[in-house]
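**Student:** Can you read through this structure? Questions will come right after.
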Amino acid sequence: TESFVSCVQKSAAVTVLQKSGMEILGYIEKIAAREGATISDKNASRIAELCANDLLIINNEVIKLAAYANYGEIKSEHIETLCIRTAESGVYDMIGFIEKNDTRNAIRVLSEMLDERTAPLSISATLNTAFINLYRARLARDTKRNEAALFELFDYKKGDRKVSIAYERSGRYTQAQLAEIIHILYELDFKLKSTAVDKRYVIEEGIIKVARKVSAR
């Protein structure tokens, strides 16, 4: 049977998961302080983003980063060098670089994710979801609907930050462009599931195709 302490720790973790973004930053800073390190709000926010607010991952990463920083200040370069990326955070980093026409760094992020053993199919699926969200947001914009309408139309979970990100970014694309990108990602998913070709090559090729389509806007 589980110990009382173990049960309390699990209960605390669930409570933190339900807290706001600012409270999660406080949680990160508290772990850092417990380990004898310090961290700025900006860098704590980056850890939360990379770990997709997963408390177990955050706890492990902050402990690791505190040691790497020699129990001093956890800096941005420490985080970018050492912190694990979830598929979701890595994909949004890639999209950010693609939108800046920076394919080189998009591929770098992809390579880091693959080196961390993130499954290519997981990356592909997360990319597809992100661009479907963008397409839906673009539809809402084009029919004069606001962000709140997205939650009602597509039954998103209330407060889902991904919906807000999609609405903010959707103005950078056209409907036709997003439809073509989703088709590219459909083909990527099919190739990953059906071909014997090296998966790294297949997904890199897919990202480059997406980047070219985005740069054509």
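**Student:** Under a GNM of the chain (C-alpha, springs under 10 Å), which listed residue has the highest mean-square fluctuation: Val197, Val163, Val109?
**Tutor:** Of the options given, Val197 has the highest mean-square fluctuation.
**Student:** Moving on. For Asn105 and Ser40, calculate 0.36 nm times their separation in residues minus their Cα-Cα distance, and state this gained length in nm to one decimal.
**Tutor:** Numbers: separation 65, 0.36 × 65 = 23.40 nm, distance 2.50 nm.
Working it through step by step, the gained length comes to 20.9 nm.
**Student:** Looking only at Asp160, Asp41, Asp93, which one moves most when the chain is put into a Gaussian network model with springs between Cα atoms under 10 Å?
**Tutor:** Highest fluctuation among the options: Asp160.
**Student:** Helix 21-34 versus the longest principal axis of the chain: what is the Cα-based angle in degrees, 0 to 90, to the nearest 10?
**Tutor:** 40 degrees
**Student:** Same structure, new question: How tilted is helix 4-17 with respect to the longest principal axis of the chain? Cα atoms for both, answer in degrees (0 to 90, nearest 10).
**Tutor:** 40 degrees
**Student:** At 222 nm, what value in deg cm²/dmol follows for the chain if DSSP H runs of at least 4 each add -39500 (n - 2.57) and the sum is divided by all its residues, to the nearest 500? Provide the component values of the computation, followed by the final result.
**Tutor:** On the way: 12 runs with 162 residues, N = 217.
Using -39500 (n - 2.57) per qualifying helix, the result is -24000 deg cm²/dmol.
**Student:** Springs between alpha-carbon atoms under 10 Å, Gaussian network over the chain: tell me which of Ser194, Ser40, Ser89 tops the mean-square fluctuations.
**Tutor:** Ser194
**Student:** Which of the GluC sites (Glu not before Pro) found in the stretch 96-133 are in a DSSP loop and have at most 16 neighbouring Cβ atoms, other than their own, within 10 Å? Mind showing how you got there, number by number?
**Tutor:** Details: sites: Glu99, Glu112, Glu116; in loops: Glu116.
Filter output for the stretch 96-133: Glu116.
**Student:** In the set (1) 52, 32, 30; (2) 59, 37, 33; (3) 53, 41, 38, which value of Cα extents along the principal axes in Å was calculated from the structure you see?
**Tutor:** From the options (1) 52, 32, 30; (2) 59, 37, 33; (3) 53, 41, 38, the structure gives (3).
**Student:** Something else about it: Going through the stretch 137-196, which trypsin sites (Lys or Arg not before Pro) have at most 13 other Cβ atoms within 10 Å and a DSSP loop state?
**Tutor:** The qualifying sites are Lys144, Lys157, Lys158.
Every number here is computed from the coordinates shown, using simple stated rules; none is lab data. Keep in mind it's a predicted model, so treat the numbers as computed, not measured. Positions of Cβ are backbone-derived with ideal geometry, glycine not excepted, and every protein chain shown enters the neighbour counts.
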